[in-house]
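As structure tokens, the structure follows; a few thoughts come after it.
Derivation of every value follows stated rules applied to the coordinates shown; laboratory data play no part. Since the model is a prediction, treat every value here as computed from it, not as a measurement. We place every Cβ from the backbone using ideal geometry, glycine too, and count neighbours over all the protein chains shown.
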Amino acid sequence: MFGKCILIAGLAVAALNAAPPAFDVASVKISKAPDAAVLFTPGAARIPNAGGTVTLTNWSLRMCIAAAWDLDVNQMSGPAWLSTERYDIAAKTSAGTSQADLRLMLQELLTERFKLATHRESKEIPVYAIMIAKGGPRLRASTGDQHLPVIFAPPTRLIGQGSTLQSLASALRRAAGRPVIDKTGLAGTFDFTLSYSPDEAATDLGPSLFTALQEQLGLRLEPEKSPLETLVVDRAERVPTEN
């Protein structure tokens with residue numbers, strides 16, 4: 001009997017440890033904010049966490065899903081209202097919660113409040129491919145031991161320190177507005193800074209993203225289509241359950 005109690009207690013602890021992370025408290029409401037209040041950049045999947053408070057104002061469910069599953073909005077399919085209905089989400093967690101855990105928390109919240117059901121499948125979608133520009137790459141090989149992801153320095157700078165080209169491709173998704181894949185064939189890690197204008201054409205803030213890549217890094221972005229994993233929304237309720 002004593003052994004059985006220990007086994008049951010162990011299973012209970014294991015179940016608790018396996019439970020997905022969740023917000024301490026969360027509110028989900030239909031938004032009454034004007035469209036101008038939307039704070040979301042296409043291609044961006046970062047969940048804002050200001051001192052332990054996550055606030056998503058006037059976001060569509062498509063935006064929320066993109067952030068929760070770390071996808072571009074064109075990497076999912078489902079009913080049209082996913083893009084038109086707007087919601088306000090306010091949730092509490094710790095200030096140091098990682099983006100990985102925040103995504104899991106938001107997944108859990110959306111599944112619970114919207115009765116969200118999804119599955120994954122491969123689909124050919126528009127992407128950009130990073131390729132070596134004419135004249136060759138202008139990248140400085142990293143000599144340090146650090147291997148860090150590319151840092152996005154708002155509003156128009158990407159900083160690499162011991163970063164791979166795959167990491168650059170992931171970071172460029174935010175600026176390019178669609179998935180970016182690395183086709184340079186360049187291995188190793190590099191140190192670089194990419195400064196560009198947020199507009200397609202060059203402005204006083206600097207050259208466009210496409211021009212900056214060629215001039216500063218010796219790389220170019222080519223539009224193409226590629227099979228990528230997408231998320232299909234099988235079911236979701238327009239009105240979230242009560243808080």
Which net charge results for the neighbourhood of Gly52, defined as the other residues with beta-carbon distances under 9 angstrom from its beta-carbon, given Lys and Arg at +1 and Asp and Glu at -1?
0
Tail beyond 23 Å, pair distance distribution of the stretch 55-156 (Cα, percent)
47
log₁₀ I(q)/I(0) of the stretch 59-104 at q = 0.28, 0.29 Å⁻¹, via Debye over equal Cα point scatterers, no solvent, to two decimals?
-1.05, -1.09
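Per residue, how much space in cubic angstrom lies within the convex hull of the C-alpha atoms of the stretch 124-228? Walk me through the numbers before you get to the answer.
Values: hull volume 10.1 nm³, N = 105.
So the per-residue Cα hull volume is 96 Å³.
For Ile151 and Asp70 in the same chain, what is the full-extension length gain: residue separation times 0.36 nm, less their Cα-Cα distance, in nm? Please report the intermediate quantities before stating the final value.
Numbers: separation 81, 0.36 × 81 = 29.16 nm, distance 1.64 nm.
Separation in residues times 0.36 nm, less the Cα-Cα distance, equals 27.5 nm.
Students often check this: by mean Cβ neighbours within 10 Å, which of 61-68, 208-215, 132-139 ranks highest, and how do the rest follow? Let's see the in-between values first.
Numbers: 61-68: 23.6, 208-215: 18.5, 132-139: 13.5.
Highest mean packing first, the order is 61-68, 208-215, 132-139.
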